[in-house]
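Written below as structure tokens is the structure these notes are about.
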Amino acid sequence: MPHFKQVVKTFRSTFPCKLRSLVIPSLTAGIVLLGLAVSGAQAAMVTVFSGNQTAWEAAAGSPAVLVDFNSAPPPGFALTLGSSLPGTFALDLSGGVFNGVYRDRADDDQITKPLITALGSGVTAVGADWNPAFNGLGTGIKLFLTFVDSTSQFVTTEIPNTFAGEFFGIVSDMAIRSIRFDEGTQGGASALFETFELDNARFVSAVPIPAALPLFLSALAAVGLVGRRRKRLAAV
């Protein structure tokens, strides 16, 4: 591998002074964009607030939007109801909304699992009053998150199968695109799935990042380098 000083010498001999003043800002801009891409690829940090709505509200930051479900999807969200099990047509195995309360089933054998999709820039905080115990104790619920950068992960803490209207919420440092409800690991061998009710859903929307922000940062870096070079030349 060539020595650094040799690389610099080759660079200076290859590019004239004026051309170097253009190449250096371009290289800097590439480094800035690369740094943004690497930072965006890091795993999201998700904080859980189980039974503590006050702490969740403090961590969520911006005022949460309260969503009451009805026959139509909430504004800014798409709701995919859990489907019946293969080969069955029982109505109680499918999800639905009843008097503003979302009721569904978290079951790994479902054809389609319950899913809430946040449109636009996504959400950074989600909370609700959960009632998995309304139809008896089941497996609890695991939340599977997909983020706006298409990465995904499970929330490490499950929603307890004993909750009967208690608050459970999460706050993420990366905008969430969708939340899927999977069956948990609670209840022992006799628990095969989880039915649940979800009410008083609260969401905090992510602040959209302007599409031109990376280009703007690159331009700032280029201007700064050009200005510094001009000062150095003026001092000679």
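So if R0 is 22 Å, what FRET efficiency would Thr162 and Leu192 give, r being the distance between their Cβ atoms, rounded to the nearest 0.05? The computed FRET efficiency comes out at 0.80. Near Ile159: Cβ cut-off under 10 Å, other residues only, Lys/Arg at +1 and Asp/Glu at -1. The net charge is -2. Spin-label model, Leu137/Ala55: points 7 Å from Cα along the beta carbon direction are separated by 2.4 nm. Look at the alpha carbon pairs under 8 Å that are at least 6 residues apart: their mean separation over the length of segment 51-205 gives a relative contact order of 33 percent.
With a cut-off of 14 Å between beta carbons, the residues surrounding Phe77 carry a summed charge of +2, where Lys and Arg count +1 and Asp and Glu -1.
By the count of other C-beta atoms within 10 Å, a proxy for reagent exposure, Val65, Val204 are ordered fewest to most as Val65, Val204.
Residues with beta-carbon under 11 Å from that of Gly100, excluding Gly100: net charge, scoring Lys, Arg +1 and Asp, Glu -1? Intermediate results must be reported in sequence, preceding the final value.
Numbers: positive: Arg103; negative: Asp68, Glu197, Asp199.
Net charge around Gly100: -2.
Quick note: the coordinates plus some simple rules give every number you see, no bench work behind them. Note that this is a predicted model, so its numbers are computed, not measured. Neighbour counts run over all protein chains shown; Cβ positions are idealised from the backbone, glycine included.
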